[in-house]
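Inspection log for the structure reproduced underneath, given as structure tokens.
Values in this text are rule-based calculations from the coordinates and carry no lab data. Model, not experiment: these values are computed from the prediction.
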């Protein structure tokens, strides 16, 4: 079963989430997050990448954390 969702958020929520992620990464710890009703753990071993997409005049920047479940 696949899942691909996005959640809009305020600047304050976005910054708070980035801060939690950054703090966990710096401390070499996993962290828990909830997106659209599903709570899950991102392991400290997650692969990190930054992606820039351009398509039909729109641009997107994605900060990705990827892991096997």
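Overview of values
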| read-out | value |
| --- | --- |
| Cα long-axis angle, helix 11-26 against the chain (0 to 90 degrees, to the nearest 10) | 50 degrees |
| Helix-only mean residue ellipticity at 222 nm for the chain, each DSSP H run of n ≥ 4 adding -39500 (n - 2.57), per residue, nearest 500 | -7500 deg cm²/dmol |
| Candidate values (i) 46, 15, 13; (ii) 40, 21, 15; (iii) 38, 32, 24, label of the one derived for Cα extents along the principal axes in Å | (iii) |
| Fully extended contour minus Cα-Cα distance, from residue 32 to residue 49, at 0.36 nm per residue | 4.2 nm |
